[in-house]
Amino acid sequence: GSLPKWVVNKSSQFLAPKAMKRMYKACLKYPAWKQKHNPHLKPWLFPEQSTLPPVALSELSIQHAASLENIDESGLAEGKEERAEGSDDDSGN
């Protein structure tokens, strides 16, 4: 279903600005992080550096949202340790 308007409004007022601030801080730290972690690896600029297997165009197809399977994830719990697992942020904020 859809979310109540008050949930969307509260999220817009509190969660979205907090997420943007965290993203901004992460972006400021990215150049220094990248210098320590494979500074010359840029597969988005140099496709020959990509380690992903190629996909033939003939294997791709267009899917419309109406035809996709409805997956209910409401019973899944995501712990804070799972979300932070891939993070390099040592400060905890």
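The values are calculated or read from the model by the stated rules, or taken from the named source; none is laboratory data. Given the structure is predicted, the values throughout are model-derived calculations rather than measurements. For neighbour counting, all protein chains shown are included, and Cβ atoms are generated from backbone atoms with ideal geometry for every residue, glycine included. These area figures cover heavy atoms from the full protein model, side chains too; ligands, DNA and RNA do not enter into them. Shrake-Rupley method; radii C 1.70, N 1.55, O 1.52, S 1.80 Å.
Summary table
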quantity	calculated
Relative frequency of Cα-Cα separations exceeding 16 Å in segment 1-59, percent	69
Cross-link reach list, lysines versus residue 36, counting only Cα pairs under 23 Å and skipping chain neighbours closer than eight places	25
Average accessible area per residue (Å²) across segment 1-65 - probe 1.4 Å, nucleic acids and ligands excluded	101
R0 of 35 Å, Cβ-Cβ distance residue 64-residue 11: FRET efficiency to nearest 0.05	0.80
Residue-span extension gain [residue 33 to residue 48] - 0.36 nm each, minus C-alpha spacing	3.1 nm
